[in-house]
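In what follows, a structure is listed as structure tokens, so that the remarks can point back to it.
Any read-out appearing in this document is the output of simple, stated calculations on the displayed coordinates, not a laboratory observation. For clarity, every value in this text was computed on a predicted model and none was experimentally measured. Using ideal geometry, Cβ is built from the backbone for each residue, glycine included, and neighbour counts are taken over all protein chains shown.
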Amino acid sequence: MYRFALKAYGCQMNVYDGDKMKTALLARGWTEAPEDEADVVILNGCSIRDKSEQKVWSELGRFAPRWGREGRPFVAVTGCIGQNVGAAMASRFPWVRFVSGPRHIGAVPEGLDLLMGCPGEKFFHLDDDPSAFFDISEVPLTRANPWKAFVTITHGCDNFCSYCIVPYVRGRFVSRSPGAILEEVRAFVQDGAREITLLGQNVNSYGKDLSPSFPFSALLRECAVKTGADRLRFVTSHPQDFTPDIVEVMKEHQPVICPSVNLPIQSGSDRMLALMNRKYTLSQYRSTVELLRSALPDLGLTSDLIVGHPGETEEDFARSVDMLREFRFDLVHTAAYSPRKGTAAAEREDQIPPAVKMERLRIVNTLQSAIAGEINASLEGRTFPVLLDDRAPRGEGLLQGRTPSDKVVIVEGGEDLLGRTASVEITRGDNWCLTGKILFLLD
Ligand code: SF4
């Protein structure tokens, strides 16, 4: 009986792919083990930023004392990092014996089985066809949180934003069939999941490639009506594809479809949005936000922002600062631009010096933290239905949950309340989370 350990880094799609690989390995008779007892350590890594890749490089360096020269234990590098730099990792470290990309997770279980019987071999499952896809059909029921599940609805991306490596490592945009998605959502609901998040690099484009086409709004409606899910969320959205029919379905199916949207803006300057190949203007973005906020009064709106993209002037950066003040997002995932080899922005000569990028990052983080604190403080005294989905990381006897708008709330409570929805009064709003007290249980 072979043993594996799997570590997933980066986005929820990598976690979901990791769960699928685990499920398929367990089905083939493998068992999960602590890392220092495993025959194979699978590193399902992320390549979105240089920092993400460095985490896996340093894990590989630390593996040296464990390397068994007879061929095991060994490391399998999978995910976006496998596609991007996995081959380089395998030539540098003899203990990397398996490499595959995110479009080939279906090759992992059989590949690892083969390698266990061939100690001298290495196995690379990479190819240059960006539309090839080799999936795992099992529903991943090994998820970390029993109350929440993630369902990938699209793979890859065709948008080619100037700074982003995703289209190169995850390949062309492909929608899964509505039937397979509904079946998976139902399986999770039957397995006890209360909240389902539909995942994709650009979920709003869902179904454009299907024949006949099947819009994202129709998929959302089907999931709300036909699966029994208590709560549905989706991530990530692209502003160019967030059409009014999606807002309409969200409004129609409250409270099942949660009023929370992540709508990455990336810059407040139209000049930068064009350089980034984002295909919308600030004014178009504003119209979508107005539509969402008028249809869903308790909307939780989060965004993503990059500072220091090549060519970003002080004036462009000032537009981003103004934009944060205007939209007052609940949360913004900010990042200093990090060049990714092979992307359009990495080739530009007008790169911004690291010190300037860091200073811009400091300014937007300070501003956004203050805005989030003000928004959260304004919620004190209000009551929300909160799904209690985990132990709080800080302290005994504390649970955490999420409001429909996706804000984290910490409450006092015993573990018997996990998986229940409670009516919670907010007693304190800080920059990063809310504190509340349970008034009564709702289910
Ligand atoms: S939409 Fe742009 S940023 Fe998002 S995955 Fe696609 S290329 Fe990357």
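Annotations for the structure displayed:
- Checking residue 283 against (1) crowded, with 19+ Cβ neighbours inside 10 Å; (2) away from the ligand (no atom under 16 Å from the Cβ); (3) of a type outside the set (D, E, K, R); (4) over 18 Å from the mean Cα position of the chain (by Cα), the condition it does not meet: (1)
Here is a yes/no grid of residues against (1) without any contact (Cβ under 8 Å) to a residue 12 or more places away in the chain; (2) within 15 Å of the ligand (Cβ to nearest atom); (3) surrounded by 20 or more Cβ atoms within 10 Å (Cβ to Cβ):
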{"site": "275", "(1), (2), (3)": "no, yes, yes"}
{"site": "279", "(1), (2), (3)": "no, yes, no"}
{"site": "304", "(1), (2), (3)": "no, yes, no"}
{"site": "308", "(1), (2), (3)": "no, no, yes"}
{"site": "311", "(1), (2), (3)": "no, no, no"}
{"site": "314", "(1), (2), (3)": "yes, no, no"}
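Results for (1) surrounded by 14 or more Cβ atoms within 10 Å (Cβ to Cβ); (2) of a type in the set (A, V, I, L, M), shown as yes or no for each residue.
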position: 385; (1), (2): yes, no
position: 393; (1), (2): no, no
position: 400; (1), (2): yes, no
position: 409; (1), (2): yes, yes
position: 413; (1), (2): yes, no
position: 416; (1), (2): no, no
position: 429; (1), (2): yes, no
position: 432; (1), (2): no, no
position: 439; (1), (2): no, yes
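- Within the stretch 362-371, not a single residue is surrounded by fewer than 21 Cβ atoms within 10 Å (Cβ to Cβ) and assigned to a loop (DSSP other than H, G, I, E, B).
- Of the residues making up the stretch 135-171, those that are under 19 Å from residue 107 (Cα atoms), within 16 Å of the ligand (Cβ to nearest atom) and part of a loop (DSSP other than H, G, I, E, B) number 3.
- Pairs with Cβ under 6 Å, 6+ apart, first in the stretch 139-163 and among the small types (Gly, Ala, Ser), second in a loop (DSSP other than H, G, I, E, B) and surrounded by 18 or more Cβ atoms within 10 Å (Cβ to Cβ): 149/143; 149/193; 156/170; 156/171; 156/173; 162/276
- The strands (runs of 3 or more DSSP E) found entirely in the stretch 399-443 that carry 2 or more residues being out of contact with any Leu (no Cβ under 8 Å at 6 or more places or on another chain) are 434-441.
- Restricted to strands (runs of 3 or more DSSP E) entirely inside the stretch 13-114, no element has at least 3 residues that are surrounded by fewer than 20 Cβ atoms within 10 Å (Cβ to Cβ) and within 25 Å of the chain's Cα centre (by Cα).
- Top-ranked residue of the stretch 183-206 - restricted to ones that are closer than 19 Å to residue 255 by Cα and of a type in the set (A, V, I, L, M), ranked as farthest from the ligand (Cβ to nearest atom): 189
- When 180, 229, 218 are screened for being more than 16 Å from the ligand (Cβ to nearest atom) and touching a Cys at 6+ places or on another chain (Cβ under 7 Å), only 229 passes.
- Of residues in the stretch 334-347 being within 26 Å of residue 283 (Cβ to Cβ) and in contact (Cβ under 8 Å) with a residue 40 or more places away in the chain, the one surrounded by the fewest Cβ atoms within 10 Å (Cβ to Cβ): 344
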